[in-house]
Amino acid sequence: MSSRKRISSIPHVLGVSVLSILLLNACVPGSGDAPASDNARSGEDEQVGGAFGFTFDPEAKSVDVPLNTVVRIQASADLDPETVSAETVRLLAAGGDPVDTKVTYDNGVIEIAPGQALQSRTTYTVKVTTNVRSSSGDQLSSAASTDFTTQAASAEAPLPENFSRWEERMVQHGTQIGDKLMGLSSSQVRSPGSTILNEVYYDGARVFYQIAEYLGATGSERDRWHAYAKRARDIYVQGYLEPNNYVAAGYMRFPHGTYRQWMLDESDATLDSLVKLRDKPTFSRPPAGNTTWYYHKYSREIAYAIQANVVAEKAGAPRQTEFLDRLLDRALTHVDIWTTGNYLDPDSKWHFVQAFMTGLTASALIEYHEHTPDGRIPPAIKTLADWVWDNMWVADVNGSGYGAFKYVNRAVSGVGGPTPAPDLNMLIVPMYAWLYKETGEREYRERADLIFAGGAQLASLHNGKAFNQNYRTSFDYLRWREDGLKRWGQ
């Protein structure tokens, strides 16, 4: 079964309890999994999108695909070569980022050659859009797609401490929360109370889709995680966004789950939802002369607005250059405020730093930089990560032997004490792993591993919000950490 093969291809990655759950789900009759003995690059995967269809190699749900693979797509009809390009035939990495590729077409076969080796243990999606036509002018009625997962790198990275605990709790608590959401009635989904809405805060749909992708889930197991994701998105969209005509609070803007839904269906309705998430919530269109938005207390709203712009653009919406440039300027100003203490807000009560807010801003700036390189961003992330570590890291929380960041860097009435907050570690850890990937400086990987270990050990996952904030971006930490080890070899 492919789930069993997935596990054997990444030794020491899945903990014992996770292994048991995956094997149980993998053995469900009718899951459609391929036999474990199948070669990862053999077989056929016919997808019909209209008057003609495609056979993909690697086939759908393949695992252990070589990192130097060239994707081949056999069309069942002659194609118009003018309609076959890197714009119409795409290879997407985890999160939907397009891979730099060379796309060629000859004698009924499309080849997609990545510009560099693929990342290990990563799920890639291949999409043939409806702009591809046959030589007789026939058009696909819907996009054709498949996905595959690459093999582990030849030299496996040493795993961070508490990795198995992080994985086991991901499946255990994710299943509990997902089952709870699935048990809601239609009226509860469309008119959720604050408690229910809290269960999907920090983008529950994104988290569930990421878990399915991370586990390499197939068949009924994949359907289960995707059902959790769809239910979480329905609660957010039908129960909150639509009743408010998408005029959401800036801190309630969560576009990534919707973007991952768009990656699956590429529907106009889902794209429209992404555009509305970009344009309608508060803090969407910063006026040129406004200074209030430079106040760091709005950093979360600005960070989410940047991300909403990036994912909408990835889905094909035109860039709003003027507004996006203003948002970036404000986010970079927030980094400067935190690291220099040059507070713009006249209210001295706000002259402090919240560690998790720095993590949210860093993730937004990195996401933008990975999509559109900006020379201002890497040094800003480095300055921010160094300052937060030097001023807010607590190495041993309550004698546990594990660390966390202070919630705030000084006591502020009504804002929360400066005690360590391990529940928030996973929102902060990605920037350190990214810096390691970018610079090769081992210190950043060591810091990231300490942050991860503390969060995995000490964080409470008592509700959906706590669970989502721990699994929202910790996958980025793992991916960038592994990319750094592969790149720098240390």
statement: Sorted by chain and then number, the residues having a modelled amide H within less than 5 Å of the amide H of S62, at least 5 places away or on another chain, are T149
message: In the chain, if the dipole is taken from +1 on Lys/Arg beta carbons and -1 on Asp/Glu beta carbons about the Cα centre, which of P430, T123, W262 is farthest to the positive end?
response: P430
task: Kindly identify the range 449-490 as rounded, prolate or oblate by the Cα gyration tensor criterion: order the square roots of the eigenvalues as a ≥ b ≥ c, call it rounded if a/c is under 1.5, otherwise compare a/b with b/c, prolate if a/b is larger, else oblate.
output: oblate
field: J(HN,Hα) series, the range 92-101, from Karplus relation 6.51 cos²θ - 1.76 cosθ + 1.60, nearest Hz, glycine and proline x
entry: 10, 7, 4, x, x, 6, x, 8, 5, 9
message: I'd like to know how the chain sits against the 2.2 N^0.38 Å rule of thumb: what's its Cα Rg over that expected value?
response: 0.97
- prompt: Given +1 on the Cβ of Lys and Arg, -1 on the Cβ of Asp and Glu, and no further charges, what dipole in debye does the range 177-232 carry about its Cα centre, rounded to the nearest 20?
  reply: 160
message: If amide hydrogens are placed 1.01 Å from N in the peptide plane, which non-local residues have theirs closer than 5 Å to the one on V394?
response: A404, F405, K406
message: Quick check: with the 1.4 Å probe, what order do V109, V171, V247 take by accessible area, largest first?
response: V247, V109, V171
message: In whole Hz and in residue order, list the ³J(HN,Hα) couplings for the range 396-411 that follow from phi through the Karplus curve 6.51 cos²θ - 1.76 cosθ + 1.60, θ = phi - 60°; x for Gly and Pro.
response: 9, 8, 6, x, 7, x, 10, x, 7, 8, 4, 5, 10, 8, 7, 5
message: For the range 329-466, compute the orientation-averaged projected area of the C-alpha convex hull (one quarter of its surface), in nm².
response: 9.0
message: Could you tell me the center-to-center distance, by alpha carbons, between the range 326-383 and the range 85-107 in angstrom?
response: 33
- request: Write down the accessible area per residue of the chain in Å², having rolled a 1.4 Å probe over the full set of protein chains.
  value: 39
- line: For the range 244-250, Karplus-derived ³J(HN,Hα) couplings (6.51, -1.76, 1.60; θ = phi - 60°; whole Hz; x for glycine and proline) come out as 9, 6, 6, 7, 7, 5, x
Charged-residue dipole, Cβ positions (Lys, Arg, Asp, Glu), the chain about Cα centre, Debye nearest 20: 1320
task: Once you have the Kirkwood Rh of the range 98-232 from its Cα pairs, apply Stokes-Einstein at 10 °C and 1.306 mPa s and quote D in µm²/s.
output: 86
- request: Determine the sum of side-chain charges near N162: Lys and Arg each +1, Asp and Glu each -1, restricted to other residues whose C-beta is under 12 angstrom from that of N162.
  value: -2
task: Just check the range 397-490 against the gyration tensor rule for me: Cα atoms, a ≥ b ≥ c as the square roots of the eigenvalues, rounded for a/c under 1.5, and otherwise prolate or oblate depending on whether a/b exceeds b/c.
output: prolate
- line: Packing-ranked peptide list from 285-298, 361-374, highest mean Cβ count within 10 angstrom first, is 361-374, 285-298
query: Using the Kyte-Doolittle scale, which helices in the chain average at least -0.5 and also have C-alpha atoms spread 18 Å or more along the helix axis, with helices defined as whole DSSP H runs?
result: 299-314, 321-340, 355-371, 377-392, 425-439
- prompt: Residues with beta-carbon under 15 Å from that of G416, excluding G416: net charge, scoring Lys, Arg +1 and Asp, Glu -1?
  reply: +4
- prompt: At a 1.4 Å probe, what is the % contribution of carbon and sulfur to the accessible area of the chain?
  reply: 48
- prompt: Mind checking which lysines have their C-alpha under 29 Å from K349, skipping anything on the same chain fewer than 8 residues away?
  reply: K297, K382, K406, K465
query: Rounded to the nearest 500 deg cm²/dmol, what is the calculated helix-only ellipticity per residue at 222 nm for the chain, with -39500 (n - 2.57) per DSSP H run of length n ≥ 4?
result: -14500 deg cm²/dmol
field: Amide H contacts of A86 (H built 1.01 Å from N, under 5 Å, at least 5 apart or other chain)
entry: V103
- request: Once you have all Cα-Cα distances for the range 204-276, histogram them in 10 Å bins from zero and send the whole-percent values.
  value: 20, 52, 23, 4
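The values are calculated or read from the model by the stated rules, or taken from the named source; none is laboratory data. Quick caveat: nothing in here was measured; it's all calculated off a predicted structure. When we count neighbours, we look across all protein chains shown, and the Cβ atoms used for this are built from the backbone with ideal geometry, even at glycine. Note: accessible area is taken over every heavy atom of the protein model, side chains too, but ligands, DNA and RNA are not part of it. Shrake-Rupley method; radii C 1.70, N 1.55, O 1.52, S 1.80 Å.
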